[in-house]
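The values are calculated or read from the model by the stated rules, or taken from the named source; none is laboratory data. Since this is a predicted model, take the numbers as computed values, not measurements. We place every Cβ from the backbone using ideal geometry, glycine too, and count neighbours over all the protein chains shown. Ligands, DNA and RNA are stripped out before the accessible areas are found, and what is left, the full protein with its side chains, is counted by its heavy atoms. Shrake-Rupley method; radii C 1.70, N 1.55, O 1.52, S 1.80 Å.
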Amino acid sequence: MLYYEQGTPEKAFSSEEIKKALFETFDQLGAKKKVLAIPPDFTRFHSRAGELTQYAYEYYGDRLTDILPALGTHFPMTEAEIGKMFPGIPKSLFRVHNWREDVVTVGTVPGEYVREISEGAIDYPVPVQVNRLLLEGGYDLILSLGQVVPHEVIGMANYNKNIFVGVGGPECINKSHFIGAVYGMERIMGRASGPVRKVLNYASDNFTNNLPIVYLQTVISEGAGGLQMRGLYIGDDFECFDKAAALSLETNFRMMDREMKKVVVYLDPEEFRSTWLGNKSIYRTRMAIADGGELIVLAPGLHQFGEDPANDRLIRKYGYVHTPQVLKYVEENEDLQNSLGVAAHLIHGTSEGRFHITYCPGHLTREEIESAGFNYAGLDGMMKKYNPQKLKDGWNTVDGEEIYYISNPALGLWAYRERFK
């Protein structure tokens, strides 16, 4: 059922409109005794989900008993991050999702179904887990909040990804990511339906249809005065997500009439501290970069490769190599067989030899960057040459050379029109 829908590419929601939409929707839902909110973590700060969570707290008060950020495999939020993203909400309400230990298996997607939807690429079954709070907390309303935006694993982020990945467990996280990587990112990104989404929809329809989940989906894009909320969709089934995905495709997808030969991407140090997240600069632009081109990543906050210590070790061990080599590593090494999400991530972080990737890190050494498979350049010199304070999003000329600049790769997807076809 769809409780609220509004959005156009030109729309710019005010805070008053958002609050009114949420309060009217909560009125429709009727009285609730115990509410759980599942917003994204700080890496999705721009989703406006923090603001939506504030309004939920204002409406429900002490009936909103728990807030469980959808960390997935990310590090827990710091108190400072919670304070910035969720101002005014008591920190005592926040719970930490441990994706390795805090989960319960709710069912298994059959291997035959996975083989069918992946066109034979993968044929293993996918156990599906969720944080035990969802099953054992006694909630009569679970609010899943987040932004619908192009995504490398599932085509379009959010909806039930927030549940089965964001507060899910290792089986589904690892295996779903690997399905998407082997099936092919270019065949998935920007599309609301694909093999990974179908796995999660199977789980929603068969394993968690008894949970009182309502999805609050935002669509965000650049506009006058900065980022604007273009759409807000609230519902308890796929229709809510599908409408948001259609608007996101219209507002977040940059379809290019010509290829980019040199791309410079800036990673906000508050948001991007690992290549696990920073590689959005690679897979969000790979369909637009010309063969033999270059991607320069300005990463002042880069401290590590993985958001999880075990994943970080595996990335350092194997590096970002071409897909055939990753698949060979998986075949030959038990540690990667048990961490298919990392194997998928390694595939996401390669250009497959088509273009060059130069990382300019704030806190990693040349040796670390080059051993992971990237080119290295010093941050200070590159920040002077490609000054984020002076560049504008889109085409720029620097020292007589044309470049394409992106200030936040998390907000869009870029593709050369002919390659996307």
Open item on the list: For the structure I just gave you, tell me whether residue 293 is in a strand (DSSP E or B) and either surrounded by fewer than 24 Cβ atoms within 10 Å (Cβ to Cβ) or of a type in the set (Lys, Arg) (or both).
Closed with: yes
Open item on the list: Here is a check on your reading of the model: is residue 397 surrounded by fewer than 18 Cβ atoms within 10 Å (Cβ to Cβ), modelled with pLDDT of 95 or more and closer than 21 Å to residue 271 by Cα?
Closed with: no
TODO: Would you check which residues across segment 218-240 are in contact with a helix residue (DSSP H, G or I) (Cβ under 8 Å, 6 or more places away or on another chain), closer than 14 Å to residue 412 by Cα and small (Gly, Ala, Ser) and list them?
DONE: 221
TODO: Out of the residues in segment 98-137 that are open to solvent by less than 60 Å² (accessible area, probe 1.4 Å), farther than 24 Å from residue 155 by Cα and not hydrophobic (A, V, I, L, M, F, W, C), state the one that is nearest to the chain's Cα centre (by Cα).
DONE: 98
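Per-residue answers, yes or no, for (1) part of a loop (DSSP other than H, G, I, E, B); (2) at pLDDT 95 or above; (3) under 25 Å from residue 283 (Cβ atoms); (4) in contact with a His (Cβ under 9 Å, 6 or more places away or on another chain):
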site	(1), (2), (3), (4)
205	no, yes, no, no
208	yes, yes, no, no
216	no, yes, no, no
219	no, yes, yes, no
222	no, no, yes, no
227	no, no, yes, yes
231	no, yes, yes, no
254	no, no, yes, no
- [ ] Would you confirm whether any residue within segment 216-228 is open to solvent by 10 Å² or more (accessible area, probe 1.4 Å), closer than 24 Å to residue 12 by Cα, of a type in the set (Val, Ile, Thr) and touching a residue at least 24 places away in the same chain (Cβ under 8 Å)?
- [x] no
- [ ] Provide a single number: the residues in segment 137-159 that are at pLDDT 95 or above and out of contact with any strand residue (DSSP E or B) (no Cβ under 8 Å at 6 or more places or on another chain).
- [x] 1
Task: Answer from 370, 331 - the residue that is touching a helix residue (DSSP H, G or I) at 6+ places or on another chain (Cβ under 9 Å), open to solvent by 10 Å² or more (accessible area, probe 1.4 Å) and in a helix (DSSP H, G or I) - done: 331
- [ ] Residue by residue through segment 88-97, note down the ones that are open to solvent by 60 Å² or more (accessible area, probe 1.4 Å) and within 28 Å of residue 308 (Cα to Cα).
- [x] 91, 92, 95, 96
Task: Candidate set: segment 400-421, residues that are in a loop (DSSP other than H, G, I, E, B) and open to solvent by 50 Å² or more (accessible area, probe 1.4 Å); chosen: the one farthest from residue 294 (Cα to Cα) - done: 421
- [ ] From the list 12, 56, 80, 21, pick out the single residue that is part of a loop (DSSP other than H, G, I, E, B) and under 26 Å from the mean Cα position of the chain (by Cα).
- [x] 12
TODO: Among the candidates 294, 259, 271, single out the residue that is acidic (Asp, Glu) and closer than 30 Å to residue 14 by Cβ.
DONE: 271
Open item on the list: Among the listed residues 275, 208, identify the single one that is under 18 Å from the mean Cα position of the chain (by Cα) and either hydroxyl-bearing (Ser, Thr, Tyr) or open to solvent by 20 Å² or more (accessible area, probe 1.4 Å) (or both).
Closed with: 275
- [ ] Could you tell me which residue of segment 52-78 is surrounded by the fewest Cβ atoms within 10 Å (Cβ to Cβ), considering only residues that are acidic (Asp, Glu) and touching a Phe, Trp or Tyr at 6+ places or on another chain (Cβ under 9 Å)?
- [x] 58
